[in-house]
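Structure first, commentary second.
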Amino acid sequence: MKKKKIAIIGAGKLGCSITEGLLKAEYIEAKNLIITRRKIEHLKKYSELGVQTIDSNSLAIEQSDIIIIAVKPHQIEKLLKTVSGFINSKKILISVVTGVSIEEIRKFIGKNNIDIFRAMPNTAIAMQESMTCIATDIDSKNIDIVTDIFKNLGKTVVIEENLMGAATILAASGIAFILRYIRAATQGGIEIGFSSELAKLITTQTVKGAVALLEKRKEHPEKEIDMVTTPRGVTISGLNEMEHQGFSSSLIKGLITSYEKIDKIAK
Ligand SMILES: NC(=O)c1ccc[n+]([C@@H]2O[C@H](COP(=O)([O-])OP(=O)(O)OC[C@H]3O[C@@H](n4cnc5c(N)ncnc54)[C@H](OP(=O)(O)O)[C@@H]3O)[C@@H](O)[C@H]2O)c1
């Protein structure tokens, strides 16, 4: 696999995070990675690492075995129509673009014999800690290659394509939702006496600890909450006050609001 070449078309926030993750994981040699965007002056950091940074998508695609498309949803149609002549059945195409279906991608390329996959990672891919949901509409052994790429960059799960929108909200937007929790807890921590630095350290390590408990003991979150709450105790009082203020409800409503917007932004 290390000999295969990967092109990332649209090296913006996510494309660069994938680049960093692939290099940190030593999944690919820098010279076998080609990343593109129109303003390539922003990619200097990567060219210094040996990554090929170019502004020609067709050249990048022509030279690569695996093509990861990471442009904004409204940019993918024009892009694929322009480069379709360089995409053939020997190449694997992975789109991380939100809200654009495999059927639409196939239509933009204008060919039916291309193995197309959708992947929905999050920005923690730069730290090899992404949760990446993968979908395809074909029965192809290339799914193993696609899964292997993202396994090097965190956890993966293969899902039905109709769940990709939900995956976008829970995993990709989820990073922002969780960070907002951390910011709020840090602000609360300052109110009750800690410096901002210390409040952030305590909050982030506590989040990591909560995740470790769930991963290792595999219990329902509520069971772990029961371990922390004592009758008439301080934790249950705070927790119930948070619920009176709409904690769970606002989170669920926020998720649903984001989810309902997905189809609208892609068009
Ligand atoms: N950020 C996330 O957490 C996340 C997570 C999962 C999925 N996604 C999806 O990933 C995609 C990219 O998101 P992003 O946040 O990384 O956006 P972004 O930072 O705007 O990146 C898009 C990049 O595409 C480049 N681009 C646009 N047109 C191009 C073209 N014709 N040829 C080559 N490059 C082109 C842009 O650079 P130039 O203007 O210089 O060309 C830009 O750097 C979106 O579809 C998003 O929905 C994002």
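Some observations on this one:
- Of the residues making up the range 87-103, none is within 13 Å of the ligand (Cβ to nearest atom), in a helix (DSSP H, G or I) and not β-branched (Val, Ile, Thr).
- If you check Leu49, Leu80, Leu14, Leu43 for being over 21 Å from Met164 (Cα atoms) and in a helix (DSSP H, G or I), only one passes: Leu43.
- Qualifying position, being within 15 Å of the ligand (Cβ to nearest atom) and either of a type in the set (Val, Ile, Thr) or crowded, with 17+ Cβ neighbours inside 10 Å (or both), among Ile67, Ile28: Ile67
- Residue count, the range 156-180 (criterion: among the charged types (D, E, K, R) and exposed (fewer than 14 other Cβ atoms within 10 Å of the Cβ)): 2
- Lys253 being surrounded by 11 or more Cβ atoms within 10 Å (Cβ to Cβ) and outside any helix (DSSP H, G or I): no
Residue-by-condition table, conditions (1) more than 21 Å from Leu170 (Cα to Cα); (2) free of Cβ contacts under 8 Å to residues at least 40 places away in the same chain; (3) out of contact with any helix residue (DSSP H, G or I) (no Cβ under 7 Å at 6 or more places or on another chain); (4) not assigned by TED's automatic domain parsing to the domain that holds Val97:
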position	(1), (2), (3), (4)
Leu201	yes, yes, yes, yes
Leu213	no, yes, no, yes
Glu222	no, yes, yes, yes
Met227	yes, yes, yes, yes
Ser237	yes, yes, yes, yes
Glu241	yes, yes, yes, yes
Ser249	no, yes, yes, yes
Lys253	no, yes, yes, yes
Glu260	no, yes, yes, yes
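- Restricting attention to the range 46-61, the residues that are among the charged types (D, E, K, R) and in contact with a Ser or Thr (Cβ under 9 Å, 6 or more places away or on another chain) add up to 1.
The values are calculated or read from the model by the stated rules, or taken from the named source; none is laboratory data. Predicted model, so just to flag it, every value in this text is computed and none were measured. Glycine gets a Cβ as well: all are built from the backbone with ideal geometry, and neighbour counts include every protein chain shown.
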